[in-house]
Amino acid sequence: MNLFIFNESRPAALYGVGTYIQQLTAALQNSNHNICVVTLKQDILKTHIKQTKGIKYWSIPSPVSEQRIIDASKYNELYCRSIVYFLQLHITNKTNLVFHLNYLNCTLAEELKKVFECKIVSTIHYLDWSFILFGNVMRFRNLLTKQEMNQSDMYKNGVAKLIRDEKRFFENVDHLICLSENTRRLLLDDYQINPNKTTVIHNGLKDNITDLNKQDIRIKYYMTDIPVIIFAGRLDDLKGILYLLKAFKIVMNTYPHCQLVIAGNGSLEKYMNDCEDIWIHVTWTGLISSEKLYELYQIADIGVLPSLTEQCSYVAIEMMMHGLPMITTSAWGLAEMTEDGISGLHVPVTEHPETVEIDTELLAEKMLYLLKFPEERKRIGANARRRYESAYSAEIFRRNMLDFYYSLINTVE
């Protein structure tokens, strides 16, 4: 197979998409396939080509600003054509040619199909409308109805266009990799995608847990005798940080010396008002190395992921890998990752026609439950570790991806 894995330089590359490509290339090393990672819209002046551990990396600059073209779709079309032209010049072996896209770009998929005899697959890391609607599937479905689609409201029409573009993209590619069963069901029921074009393959991570003394790490971070709750991820309302802070205030009524660690970067200022009076008990680390993050996982008593929308969270996998008892919402993929009451605790995301919300008192109740009962923390954490080993390890991900590619290139047309 000649496999070209596409990414685009954007904030998501610092989080899930970038991690996915790192794990995918690691899984494909020594697989006897020709692998090339193509990153578009890089902040560089000219194309860079290098090779590391048998994998090629092509970094392609952003398009040069052209004042005469103000139509964004036309601009994208010209850029995609130039990318395809570049690929024509540099791809010499076209046997079993597969393009694996990791973001939605209808035009790029169509231009590739025009020029190459190939298979195009895409991993659905996110759906654009879910960012705008905070993962509200009820709202999403309302926008698909006639009365919503006929509205002149620019906001509604803008979201409806995103949905139409996604459907067009899904129909143009040969196969779609879903990171959760819920996403696959959404494609089948709402986008009317052929079930044979979809496969669910969960993310996986290499087991990087280290055998460190928990008390020594607590001494290092000056957290020797206090309960520690950890959240990891970007500082974004989609991650449910406001609900977490409100729930933590309730927890502090019972555990006044508790510490909440929030590991991730973003706009810190917007959450300061919700930290009022508890600032000293909330630690904001900013973006930190995985080594330091993994140390924090090992000293934490509870992990909390109150996200409003997720596909297959790498943070959740990291916490499971470290045997950390987790509280998550019922958002999309999160609800599938752990079994409620067994390898995690769930808090529902409540959908309304215009909004979504999390019950902060219920979230606080779950946090208090785990803090009060250490044996339950131990049991749920051990089950979380087993869950990682059985469903989210790097080896399982590697085997699933190799099987998928094999079936793709051996499909009889």
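The values are calculated or read from the model by the stated rules, or taken from the named source; none is laboratory data. Bear in mind the structure is a predicted one, so any value in this text is a computation, not a measurement. When we count neighbours, we look across all protein chains shown, and the Cβ atoms used for this are built from the backbone with ideal geometry, even at glycine.
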* **Failed condition for residue 132, given (1) in the same structural domain as residue 24 (by TED's automatic domain parsing); (2) touching a residue at least 24 places away in the same chain (Cβ under 8 Å); (3) under 28 Å from residue 236 (Cα atoms)** => (1)
* Among the residues of the range 80-101, count how many are surrounded by 22 or more Cβ atoms within 10 Å (Cβ to Cβ) and not hydrophobic (A, V, I, L, M, F, W, C). => 1
* Structure fact -> Taking the range 234-257 and keeping residues touching a residue at least 60 places away in the same chain (Cβ under 8 Å), surrounded by fewer than 20 Cβ atoms within 10 Å (Cβ to Cβ) and closer than 19 Å to residue 297 by Cα leaves 234
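For (1) under 25 Å from residue 258 (Cβ atoms); (2) out of contact with any helix residue (DSSP H, G or I) (no Cβ under 8 Å at 6 or more places or on another chain); (3) not hydroxyl-bearing (Ser, Thr, Tyr), each residue gets a yes or a no:
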site	(1), (2), (3)
309	no, no, no
313	yes, no, no
325	yes, no, yes
329	yes, no, no
339	no, no, yes
345	yes, no, yes
366	yes, yes, yes
370	yes, no, yes
380	yes, no, yes
* Asked: Which one is surrounded by the most Cβ atoms within 10 Å (Cβ to Cβ), of the residues in the range 191-229 that are basic (Lys, Arg) and either in contact (Cβ under 8 Å) with a residue 60 or more places away in the chain or farther than 23 Å from residue 407 by Cα (or both)?
  -> 218
* Please go through the range 26-45 and pick out each residue that is in contact with a strand residue (DSSP E or B) (Cβ under 9 Å, 6 or more places away or on another chain), at pLDDT 90 or above and either surrounded by fewer than 18 Cβ atoms within 10 Å (Cβ to Cβ) or farther than 30 Å from residue 236 by Cα (or both). => 28, 33, 34, 35, 36
* Of the residues 98, 64, which is of a type outside the set (Lys, Arg) and either in a helix (DSSP H, G or I) or closer than 21 Å to residue 170 by Cβ (or both)? -> 98
* in contact with a Cys (Cβ under 6 Å, 6 or more places away or on another chain), at pLDDT 90 or above and either assigned by TED's automatic domain parsing to the domain that holds residue 308 or among the charged types (D, E, K, R) (or both), is that true of residue 111? -> yes
* To do: Just name the residue that is farthest from residue 372 (Cα to Cα) out of those in the range 258-274 that are crowded, with 16+ Cβ neighbours inside 10 Å and at pLDDT below 90.
  => 266
* To do: Mind counting the residues in the range 337-375 that are farther than 22 Å from residue 134 by Cβ, more than 25 Å from the chain's Cα centre (by Cα) and acidic (Asp, Glu)?
  => 2
* Check the range 199-215 and report whether any residue there is modelled with pLDDT under 90, among the aliphatic types (A, V, I, L, M) and within 26 Å of residue 385 (Cα to Cα). => yes
* Structure fact -> Over the range 185-206, the set of residues out of contact with any His (no Cβ under 6 Å at 6 or more places or on another chain) and in a helix (DSSP H, G or I) is 185, 186, 187, 188, 189, 195, 196
